[in-house]
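What follows is one structure encoded as structure tokens, with my remarks underneath.
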Amino acid sequence: MKKLFLSIMMGVLTIVTNAQTIHWLTFIDTEDADVGKLDVTGRNVLYSRFINVINAALHDVGYMSDIHDIYDSALSPEKCKAEVQNLRCDENDIIVFYYIGHGTHAASENNSYPQMLLGCDFSEEHKFIPLKWVHDELKTKGARLTATIGMCCNNVQTASAKRAPTFSVNYGNVELTETERTAIQKMFLGYRGDFILSSASVGQSSVGGETPLGAMDLFTAVLVTLFEDMSYDGDLDWNSLFTEVKNAVHECSNGKQTPFWDNNLQSANTPKPGAIQKPVAKTPTGNNTNPSPNSSSLLNLNDEMIVTNYLTSYFDCIIDKRNSISKRESAACELRRIFTADAVVKFLPQDGNTVIDKENINDFLERISGSRLLEKVVPVSYRVNGNRISQISIRECYNK
């Protein structure tokens, strides 16, 4: 039985070997004694209002998502260096690196970008990693687009925001209009090259304060708000977005914080929806490159990052409208094997962690395998009972 199942899986995998992927590398210092609480909120907002939305829009044109979400005790300079150096991608892939945490700037630095502390203090100054090094290393991967963003101080001082942007909390599902999807696709697929951005200029701190979603860093709050506004209007590109972000952050901080960036972006033909090879259950990256749901020994349920990407790859296949119903149902059948028979699916809103609905795993998989409105299913957390998942919390993104 196991041999038969692996044969089926290998047949599926040969279909998706060349599927395009957007790789997210997020490193967020959520345990810092001073700004950890701000960064917890920043991480939640970054994922719910930026990363998940972009992944949903790009899935519509055949892009898989590969998420490396490093935070809490997992954060370290060693982890950052390893993730950056070990990343592998294809020529049509996209890489986005996003850091939220402490930063500094050396007086003798040969560039204007900060060094990231990545959970260390100045007693381990030799471990700090330059943002510019990360960007230069990621550019060597050969992706079509590489973006490196450092939300950190560019000196060793601290400050607090005097003003904050305003945006409302969404207690429902994410919904994307055709205008928003098209704008996001154009922004990520309409350019080739790279850019690197720092949230503060040399000698400045990156400030934080209260927002309607809680206390978080000013830069990420402004970025997410303007990203939503500009995608809603259908007028979204890298330079216009970050010019608006720069001006808003400068104004909100009373001139104490001014982001800056360098880019080597060139226009590229935006592929039409359906022109890119459609994704079908691509396995996640990591140490277990070919896990089988039929054997828990091949899929380490204790490795959250691998399991999250593994679940996402199957969800992408199951909800993909371009796949036949039989293929979608087959993927749902295979995925069901890693869940207990009575597993519960909990639905979370775009903002916050209040459960808005529940559904049995069998009913859930049957429903989404026939849906034509779902754009993305995002696994948030899960619980394990024995060698199977007994509970999973998700967020859904719909075509509006």
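Suppose R0 equals 41 Å; then what is the FRET efficiency for Ser326 and Asn239 from their Cβ-Cβ distance, rounded to the nearest 0.05?
Details: r = 45 Å, r/R0 = 1.09.
Rounded to the nearest 0.05, the efficiency is 0.35.
Restricting to Cα pairs below 8 Å that are 6+ residues apart, what does the relative contact order work out to for region 304-367? Please round to a whole percent.
Rounded, it is 24 percent for region 304-367.
Which order do the peptides 249-256, 260-267 come out in when sorted by mean C-beta neighbours inside 10 angstrom, highest first? Don't skip to the answer; put the middle values down first.
Details: 249-256: 17.5, 260-267: 13.9.
Per-residue mean Cβ counts within 10 Å order the peptides as 249-256, 260-267.
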Worksheet item: Around Thr340, with a cut-off of 13 angstrom between Cβ atoms, what is the net charge of the other residues, counting Lys and Arg +1 and Asp and Glu -1?
Response: +3
Worksheet entry | Length added when fully stretched, Glu109-Asn300, from 0.36 nm per residue minus Cα-Cα | 64.5 nm
Practice prompt. Would you mind computing, in nm to one decimal, how far apart the modelled labels at Glu124 and Ser390 are, each placed 7 Å from Cα along Cα→Cβ?
Written response: 3.5 nm
Worksheet, complete the sentence: SASA check, Lys81, accessible area w/ 1.4 Å probe, all protein chains in place, rounded to nearest 10 Å², comes out at 100 Å²
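Estimate the FRET efficiency between Arg372 and Ala74 by the formula 1/(1 + (r/R0)^6), using the beta-carbon distance for r and 35 Å for R0, to the nearest 0.05.
Details: r = 38 Å, r/R0 = 1.07.
Given R0 = 35 Å and the Cβ-Cβ separation, E is 0.40.
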Worksheet item: Quick one: how many Å² of Cys153 are accessible to a 1.4 Å probe, rounded to 10?
Response: 10 Å²
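Antiparallel DSSP bridges in region 318-400: what percent, to the nearest 5?
Numbers: 14 of 19 bridges.
Of all bridge pairs located within region 318-400, approximately 75 percent are antiparallel.
About its Cα centre, what dipole magnitude does region 42-162 give when the only charges are +1 on Lys and Arg Cβ and -1 on Asp and Glu Cβ, stated in debye to the nearest 20?
Working: 11 positive and 15 negative charges, 60 e Å.
The dipole magnitude comes to about 280 debye.
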Worksheet entry | Separation between Cα centres of region 206-262 and region 102-161, rounded to whole Å | 19 Å
Worksheet item: Excluding ligands and nucleic acids, what accessible area in Å² is computed for Lys79 using a 1.4 Å probe, to the nearest 10?
Response: 70 Å²
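Using a Förster distance of 51 Å, how high is the FRET efficiency between Asn247 and Ala341, based on the Cβ-Cβ distance and rounded to 0.05? All intermediate terms of the calculation are to be shown ahead of the outcome.
Numbers: r = 55 Å, r/R0 = 1.08.
Rounded to the nearest 0.05, the efficiency is 0.40.
Sum up the charges of everything whose Cβ sits under 15 Å from the Cβ of Glu31, counting Lys and Arg as +1 and Asp and Glu as -1, but leave Glu31 out. If you can, show how the numbers build up before the last one.
Values: positive: Lys37, Arg43, Lys79; negative: Asp29, Asp32, Asp34, Asp39, Asp69, Asp72, Asp121.
That works out to -4.
The values are calculated or read from the model by the stated rules, or taken from the named source; none is laboratory data. Note that the structure is a prediction, hence the values are computed from the model and not measured. For neighbour counting, all protein chains shown are included, and Cβ atoms are generated from backbone atoms with ideal geometry for every residue, glycine included. SASA here: full protein model, heavy atoms, side chains in, ligands and nucleic acids out. Shrake-Rupley method; radii C 1.70, N 1.55, O 1.52, S 1.80 Å.
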